[in-house]
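K.L.:
Below: one structure in structure tokens.
The values are calculated or read from the model by the stated rules, or taken from the named source; none is laboratory data. This one's a predicted model, so the numbers in the text were calculated from it and none came from an experiment. Neighbour counts are summed over all protein chains in view; Cβ atoms, including those assigned to glycine, are modelled from backbone coordinates with ideal geometry. With ligands, DNA and RNA removed, areas are computed over all heavy atoms of the protein, side chains included. Shrake-Rupley method; radii C 1.70, N 1.55, O 1.52, S 1.80 Å.
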Amino acid sequence: MNTLAEENYLKAIYKLAVLSANVSTNQIAASLETKASSVTDMLRKLSDKQLINYTRYQGVSLTGAGEKVAINIIRKHRLWEYFLVEKLNFKWDEVHAMAEEMEHISSNELIDRLDEFMGFPKRDPHGDPIPDCNGNFKTNDLKPISALAVSAGGIISGVRDHSVAFLQYLDKQGLIIGKKIMVKEIISYDNTVVLQMDSKVLQISREVANNLLIAI
């Protein structure tokens, strides 16, 4: 049995490993908003449990066992987010903190029944893929709007930024999952992106365009 803190570390390492094969102590500290010294202590514990490969000053990677734990935590988190939005009518900007707590429920039978009850959803409310009971899932093949040329478009299908402020901004603009958009113009001065959505024309910053993902 792993502690809540250990599970949080494994999940953080898994997500950081998408960017680099060997994750640094400083990256983990920044991600979890804690001190590097505290991270070092936890990494030793996880290494002793054979959940990570850790050599000081050389970075961290998950073992097969560690990756399995991390994916299971992510699965539970995303299933709970889906449940809260689709079944309890919470907004997509309200569910992350609740799912952070619920992801640590240890009963895999409960999670499997939850998955079945909801019809085995493939993506959470933010467009992130949900692992199945065996830990298998499709990687995100989505592109940021910033990668599109003028006259190109697609369906809004995910976000990179899961912060409450960003999700509330998207809600206010109507830029939600499932909406079809097309790039009308890219303003050269500051790379503002002008979008056509339904009969509406709106402008978004380059930062927003980098964090809003579409399926082409």
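K.L.:
Just to check your reading of the model, which residue among 175, 213, 148 is more than 20 Å from residue 72 (Cβ to Cβ), touching a residue at least 24 places away in the same chain (Cβ under 8 Å) and over 20 Å from the mean Cα position of the chain (by Cα)?
P.N.:
148
K.L.:
Out of everything in the range 119-136 that is under 14 Å from residue 71 (Cα atoms) and in contact (Cβ under 8 Å) with a residue 60 or more places away in the chain, what residue ends up being farthest from the chain's Cα centre (by Cα)?
P.N.:
Of everything passing the filter in the range 119-136, 135 is farthest from the chain's Cα centre (by Cα).
K.L.:
Could you please find all residues in the range 151-166 being more than 13 Å from the chain's Cα centre (by Cα), within 19 Å of residue 98 (Cβ to Cβ) and either among the aromatic types (Phe, Trp, Tyr) or surrounded by 15 or more Cβ atoms within 10 Å (Cβ to Cβ) (or both)?
P.N.:
166
K.L.:
Would a scan of the range 47-62 turn up a residue that is open to solvent by 20 Å² or more (accessible area, probe 1.4 Å), within 13 Å of residue 11 (Cα to Cα) and not basic (Lys, Arg)?
P.N.:
Scanning the range 47-62, I find at least one residue that is open to solvent by 20 Å² or more (accessible area, probe 1.4 Å), within 13 Å of residue 11 (Cα to Cα) and not basic (Lys, Arg), so the answer is yes.
K.L.:
Applying the selection to the range 111-150, what residues are farther than 15 Å from residue 177 by Cβ, of a type in the set (A, V, I, L, M) and out of contact with any Phe, Trp or Tyr (no Cβ under 9 Å at 6 or more places or on another chain)?
P.N.:
Hits for the range 111-150 are 147, 148, 149, 150.
K.L.:
Sort out which residues of the range 77-108 are outside any helix (DSSP H, G or I) and either open to solvent by less than 30 Å² (accessible area, probe 1.4 Å) or in contact with a strand residue (DSSP E or B) (Cβ under 6 Å, 6 or more places away or on another chain) (or both), and write them in order of number.
P.N.:
Answer for the range 77-108, where residues must be outside any helix (DSSP H, G or I) and either open to solvent by less than 30 Å² (accessible area, probe 1.4 Å) or in contact with a strand residue (DSSP E or B) (Cβ under 6 Å, 6 or more places away or on another chain) (or both): 92, 93, 95, 103.
K.L.:
Residue 148: under 20 Å from residue 215 (Cβ atoms) and at pLDDT below 95, yes or no?
P.N.:
no
K.L.:
Looking at (1) assigned to a helix (DSSP H, G or I); (2) open to solvent by 20 Å² or more (accessible area, probe 1.4 Å), find the lone condition where residue 111 falls short.
P.N.:
Among (1) assigned to a helix (DSSP H, G or I); (2) open to solvent by 20 Å² or more (accessible area, probe 1.4 Å), the lone unmet condition for residue 111 is (2).
K.L.:
Follow-up question, since we're still on this one. Find the residue count for the range 159-200, including only residues that are part of a strand (DSSP E or B) and either in the same structural domain as residue 98 (by the TED database) or at positive phi (or both). Break it down into steps so the answer makes sense when it comes.
P.N.:
Initially, the range 159-200 is screened for residues part of a strand (DSSP E or B), giving 159, 180-187, 192-197, 200.
Now drop any that are not either in the same structural domain as residue 98 (by the TED database) or at positive phi (or both), which leaves none.
Adding up the residues that qualify gives 0.
K.L.:
For residue 68, indicate whether it is modelled with pLDDT of 95 or more, open to solvent by less than 80 Å² (accessible area, probe 1.4 Å), closer than 14 Å to residue 135 by Cα and not hydroxyl-bearing (Ser, Thr, Tyr). Give the steps one after another, and end with the answer.
P.N.:
Working: modelled with pLDDT of 95 or more: yes; open to solvent by less than 80 Å² (accessible area, probe 1.4 Å): no; closer than 14 Å to residue 135 by Cα: yes; not hydroxyl-bearing (Ser, Thr, Tyr): yes.
Considered against the rule, which asks whether it is modelled with pLDDT of 95 or more, open to solvent by less than 80 Å² (accessible area, probe 1.4 Å), closer than 14 Å to residue 135 by Cα and not hydroxyl-bearing (Ser, Thr, Tyr), residue 68 comes out as no.
K.L.:
Can you confirm whether residue 203 is open to solvent by 30 Å² or more (accessible area, probe 1.4 Å), over 26 Å from residue 64 (Cα atoms), assigned to a helix (DSSP H, G or I) and among the polar types (S, T, N, Q)?
P.N.:
No, not satisfied.
K.L.:
Search the range 1-46 for residues being open to solvent by 30 Å² or more (accessible area, probe 1.4 Å) and either of a type in the set (Val, Ile, Thr) or in contact with a Pro (Cβ under 6 Å, 6 or more places away or on another chain) (or both), and hand back the single one that is farthest from residue 106 (Cα to Cα).
P.N.:
25
K.L.:
Can I ask one more? Among the candidates 61, 38, which residue alone is more than 18 Å from the chain's Cα centre (by Cα) and either assigned by the TED database to the domain that holds residue 158 or farther than 17 Å from residue 4 by Cβ (or both)? Spell out the reasoning first.
P.N.:
Values: 38 fails: either assigned by the TED database to the domain that holds residue 158 or farther than 17 Å from residue 4 by Cβ (or both).
None of the others qualify; the one that does is 61.
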